[in-house]
1. Within the range 282-291, is even one residue assigned to a strand (DSSP E or B) and within 18 Å of M231 (Cα to Cα)?
2. Just one of I135, I47 is in contact with a helix residue (DSSP H, G or I) (Cβ under 7 Å, 6 or more places away or on another chain), closer than 30 Å to G389 by Cα and either crowded, with 17+ Cβ neighbours inside 10 Å or at pLDDT below 95 (or both); which is it?
3. Output the residues belonging to the range 197-209 that are under 12 Å from A235 (Cα atoms) and open to solvent by less than 20 Å² (accessible area, probe 1.4 Å).
4. If you take the residues of the range 221-232 that are in contact with a helix residue (DSSP H, G or I) (Cβ under 9 Å, 6 or more places away or on another chain) and either surrounded by fewer than 24 Cβ atoms within 10 Å (Cβ to Cβ) or free of Cβ contacts under 8 Å to residues at least 24 places away in the same chain (or both), which of them is nearest to I262 (Cα to Cα)?
5. Just for strands (runs of 3 or more DSSP E) wholly inside the range 169-279: which have at least 2 residues that are closer than 22 Å to Y91 by Cβ?
6. Is it fair to say K303 is in contact (Cβ under 8 Å) with a residue 40 or more places away in the chain and either assigned to a helix (DSSP H, G or I) or exposed (fewer than 15 other Cβ atoms within 10 Å of the Cβ) (or both)?
7. Can you work out which of the residues in the range 368-403 that are in a loop (DSSP other than H, G, I, E, B) and modelled with pLDDT under 90 is surrounded by the fewest Cβ atoms within 10 Å (Cβ to Cβ)?
8. Sort out which residues of the range 66-101 are within 26 Å of N53 (Cβ to Cβ) and touching a Gly at 6+ places or on another chain (Cβ under 7 Å), and write them in order of number.
Amino acid sequence: MNYEAFFNAALVQLKSEGKYRVFADLERCVGKFPFANMYFDGDKFPIVSWCSNDYLGMGQHPKILSAMHEALDKMGAGAGGTRNIGGTNHYHVMLEGLLGKLHQKESALLFSSAYVANEAALSTLASRLPNCMVISDENNHASIIHGVRSSRSDKVIFRHNDLEHLEQILQQADPARPKLIVFQSIYSMDGDFAPIREICDLADQYGALTYIDEVHAVGLYGESGAGISQMQGLAHRPTIVEGTFGKAYGLMGGYIAGPTNIIDFIRSFAPGFIFTTALPPAICAGAIASIQHLMDSEEERTKHQERVTAVKDALIKAGISFLDTPSHIVPIIIGEAHLCKQASHHLLTKHGIYIQPINYPTVPVGTERLRITVTPHHTDEMIDQLIVGLQDIWAILGLQRVA
């Protein structure tokens, strides 16, 4: 086989379809978020980021930086091994205890990323529960899909947020059979919420476990930042909650929280936990500082929601169509991969505005989009500049305006 020709042909086709991904070479500037520097063709120029998952700018918060410096000076850079072979340090123990408190759960477990947390937890649960049926929302994240697929258990997909379809599936299942319903609190590409109460009611009625992914909600919603389930007074309802430090908390890593026996079961049997190096102490120290700050402070969440409203109002006034959902995510549907890349490139090169195009396979073909993520640090001036840039694109590309 001509391996070189095979790989080259695949990449050529990807580029011809407008789906080839180009990574932005960014240099975040401490104290100036959401400003950053971008390197391109040997040059460096300033940009304003409108697509960062550091939703609150906590990645540059003085408390987090101070905690990380202290841990680095105290314990060094790495964890020193896997959790079971010398890699567990006191920051891990404190962070897992804090996560249990945050989510009102008995126990918590850390992972190297939220992707790994989903893959490891779901593949372990579904493969080891005898004859388990996984019932998964059709819009679930790739990490959930991969975790379920890796388990090789029976899976049934229910239509997105369709409670009637979910109940039909549960009604048809053997009442004695183990069942696991998997869903997200916020679906990151469309920004919509799950009907958490109703899903948990069905799970109780038909004897199913529930697994909720709160990665795009932790830190941002609820009185202490525990997510949509807390905001709706439902933190106690889902069996297992999964979250991340890589978004609103401004760091990296993932976790699950839930009943002690289930968390200990996953800790004891999940290869994705057992055989990987533990999170560095400095990361855990930063996560502790970030979570503690956002458990006590409403300032960032309040300002964040105010800025989101300001952006949506400005888009409406400018006639720029977007998916208006209750969350902080503002998707602007372009609907074609090449146009989406052109729009992103023009915003960057002509207006210094960075919004990465979202194409297949992240979203279905025909729903390509610019996904705006607003932060508390986006000023009125930045919003005005964003609207000017989008209006320019709409005119150049001939995109439809709305009244």
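1. Within the range 282-291, the subset assigned to a strand (DSSP E or B) is none.
The answer is no, given that none of the residues of the range 282-291 is assigned to a strand (DSSP E or B) and within 18 Å of M231 (Cα to Cα).
2. On the way: I135 fails: closer than 30 Å to G389 by Cα.
So the residue among I135, I47 that is in contact with a helix residue (DSSP H, G or I) (Cβ under 7 Å, 6 or more places away or on another chain), closer than 30 Å to G389 by Cα and either crowded, with 17+ Cβ neighbours inside 10 Å or at pLDDT below 95 (or both) is I47.
3. Of the residues in the range 197-209, the ones under 12 Å from A235 (Cα atoms) are 197, 200.
Residue satisfying the conditions is C200 alone.
4. Looking only at the range 221-232, we keep the residues that are in contact with a helix residue (DSSP H, G or I) (Cβ under 9 Å, 6 or more places away or on another chain), and these are 221-230, 232.
Narrowing the set further to residues that are either surrounded by fewer than 24 Cβ atoms within 10 Å (Cβ to Cβ) or free of Cβ contacts under 8 Å to residues at least 24 places away in the same chain (or both) leaves 222-224, 230, 232.
On the way: G222: 25, E223: 26, S224: 24, Q230: 21, Q232: 24 Å.
In this case the residue turns out to be Q230.
5. Numbers: elements: 179-184, 209-213, 240-244, 254-258.
The qualifying strands (runs of 3 or more DSSP E) are 240-244, 254-258.
6. Details: in contact (Cβ under 8 Å) with a residue 40 or more places away in the chain: yes; either assigned to a helix (DSSP H, G or I) or exposed (fewer than 15 other Cβ atoms within 10 Å of the Cβ) (or both): yes.
For K303, the condition - in contact (Cβ under 8 Å) with a residue 40 or more places away in the chain and either assigned to a helix (DSSP H, G or I) or exposed (fewer than 15 other Cβ atoms within 10 Å of the Cβ) (or both) - is met.
7. Taking the range 368-403 as the starting set, the residues that turn out to be in a loop (DSSP other than H, G, I, E, B) are 368, 374-379, 398-403.
Among the residues that remain, those that are also modelled with pLDDT under 90 are: 398-403.
Values: G398: 8, L399: 18, Q400: 8, R401: 11, V402: 10, A403: 4.
In this case the residue turns out to be A403.
8. A67, M68, A79, listed by residue number.
The values are calculated or read from the model by the stated rules, or taken from the named source; none is laboratory data. All values derive from a computational prediction rather than experimental measurement. Glycine also receives a Cβ, built like all others from the backbone with ideal geometry; neighbour counts cover every protein chain displayed. For accessibility, only protein heavy atoms count, side chains too; no ligands or nucleic acids. Shrake-Rupley method; radii C 1.70, N 1.55, O 1.52, S 1.80 Å.
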